[in-house]
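The values are calculated or read from the model by the stated rules, or taken from the named source; none is laboratory data. What you see is a predicted model, and the numbers here were worked out from it, not measured in a lab. All Cβ positions, glycine included, derive from the backbone under ideal geometry; neighbour counts span all protein chains shown.
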Ligand code: SF4
């Protein structure tokens, strides 16, 4: 009986774990994605291509962009330009607009 109870608990634990693993987070924007490349998106603003995008200025990053949808302190968040995906809070792209 003890073994059966253990088996039942193991099954419940496994099922619960499967549920957590199955709940996928939103995909991260890939820098190599055609839209990301067109906008010059980078995961780290320090790698912004300043020759191609001279309007970049130090301090600009997704977390202080008006199109960023993440909360303060989040490592990643949504962006109005990349529906269904997440950008890095420290990222940047040429559509950056100062958050009001
Ligand atoms: Fe980041 Fe703003 Fe560009 Fe979206 S629009 S990727 S939040 S800099």
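Values computed for the structure shown
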quantity	calculated
Condition broken by residue 46, with the remaining ones in (1) more than 12 Å from the ligand (Cβ to nearest atom); (2) within 14 Å of the chain's Cα centre (by Cα); (3) farther than 18 Å from residue 99 by Cα satisfied	(2)
Candidate set: the range 76-100, residues that are touching a strand residue (DSSP E or B) at 6+ places or on another chain (Cβ under 7 Å) and assigned to a loop (DSSP other than H, G, I, E, B); chosen: the one farthest from residue 38 (Cα to Cα)	99
Pairs where the first residue, in the range 25-37, is within 14 Å of residue 49 (Cα to Cα) and the second is in a helix (DSSP H, G or I) and at pLDDT 95 or above, C-beta under 8 Å, 6+ apart	31/37
Enumeration of residues in the range 49-72 that are under 13 Å from the mean Cα position of the chain (by Cα) and more than 10 Å from the ligand (Cβ to nearest atom)	71
Residue within the range 15-28 that is at pLDDT 95 or above, part of a loop (DSSP other than H, G, I, E, B) and surrounded by 13 or more Cβ atoms within 10 Å (Cβ to Cβ) present	no
Filtered residues of the range 81-96 (kept if near the ligand (Cβ under 7 Å from one of its atoms) and more than 9 Å from the chain's Cα centre (by Cα))	81, 82, 91, 92, 93, 95, 96
